[in-house]
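**Student:** Handing you a structure now.
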Amino acid sequence: MRHALDGLALSSVSALSYDFAITSAWSGGGGGSPRLVVALSDGGNVALNSVDPSLTTGTWVHMDAIGGAVDNSGGCGYLYQASWNDAVACHPGATVTDAYVVVDSGWMAPMTVQVDNVTMNDTVYTKPGRV
């Protein structure tokens, strides 16, 4: 499925964010899940993940890559909770090949997540009537 960032230079990404709420019984951190991953043409990726140690069922959380912190893989190695600008600098000339949300905290406990308002530059993917 194509999305708003396909083929763009990573350096052209000016907005990248999402909202999420855990909809299953949950207390504690999400182990980095859910996370919005941006795959790159150089084989690396940049991931916007949840590091909140106190996630609560039914509470919406806003994640913002540009104004927050991301994890970087590839380019200049692995950077944990780096600034957006530092991550972009690790991938000169790289373009976006994919973007997707990963929920993989099942190793901690079963987690059901609702994701909304995924923003990629000037495009917002949303579903009306979120809980």
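The values are calculated or read from the model by the stated rules, or taken from the named source; none is laboratory data. Everything numeric in this text was worked out from a predicted model, so none of it was measured. To get the accessible areas, we keep the full protein, side chains included, count just its heavy atoms, and leave off ligands, DNA and RNA. Shrake-Rupley method; radii C 1.70, N 1.55, O 1.52, S 1.80 Å.
**Student:** Please compute the length gained on full extension between residue 42 and residue 57, using 0.36 nm multiplied by the number of residues separating them and subtracting their Cα-Cα distance.
**Tutor:** 1.7 nm
**Student:** May I pose another question? Residues of the stretch 48-126: accessible area per residue at 1.4 Å, in Å²?
**Tutor:** Counting only protein heavy atoms, the per-residue value for the stretch 48-126 is 52 Å².
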